[in-house]
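Here is the structure we will look at.
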């Protein structure tokens, strides 16, 4: 999981703030390599450590950085495959939430060595959910919050998404049809 988060963090910084900022991060973090590969293994906790360096370089809270990484994964046109994978979860945002428990298994079909955290969704009331995420990395929960926020926007749903504990996020769907959803077709567009 560290590798995937590190590569996502690298892409976010370069795409949003430029390669020079990423080079500053690499120098401050004393990295021997300036790039991370998502299928390699890195020291456990590396993503949390590098995330703190990025926060220091950018002068922003580390939790905000990780939430932005989650949003970037869904909204960046270069990452359309991730958005498409997530949108296969259902027609509505609630359908998508229910499909999250299946996401680690679906992702392993494409990349067998990928280690995603276990996700468990509980419906605690009408349009109210709690999503539990078991991960050794603190960053995972915040990336998930950013990803959920971006997906709510993608579905056109108005939601309140808050981290309750280190492994639990609360989601309240205030208006499932607040805005027009982004277009999504099962088939990829031609061309």
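Checked against the criterion of being over 20 Å from residue 108 (Cβ atoms), in contact (Cβ under 8 Å) with a residue 24 or more places away in the chain and assigned to a loop (DSSP other than H, G, I, E, B), segment 6-16 has no qualifying residue.
Let's see how each residue does on (1) buried (at least 18 other Cβ atoms within 10 Å of the Cβ); (2) modelled with pLDDT of 90 or more; (3) over 13 Å from the mean Cα position of the chain (by Cα):
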site	(1), (2), (3)
36	yes, yes, yes
39	no, no, yes
47	yes, yes, yes
54	yes, yes, yes
65	yes, yes, no
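Screening 127, 122 for residues that are in contact with a strand residue (DSSP E or B) (Cβ under 8 Å, 6 or more places away or on another chain) and on the phi > 0 side of the Ramachandran plot leaves exactly one candidate, 127. All told, residue 1 meets the bar of being closer than 19 Å to residue 138 by Cβ and in contact (Cβ under 8 Å) with a residue 40 or more places away in the chain.
No other residue among 118, 127, 113 is over 19 Å from residue 68 (Cβ atoms) and modelled with pLDDT of 90 or more apart from 127.
The values are calculated or read from the model by the stated rules, or taken from the named source; none is laboratory data. All values derive from a computational prediction rather than experimental measurement. Cβ atoms come from the backbone with ideal geometry, glycine included; neighbour counts cover every protein chain shown.
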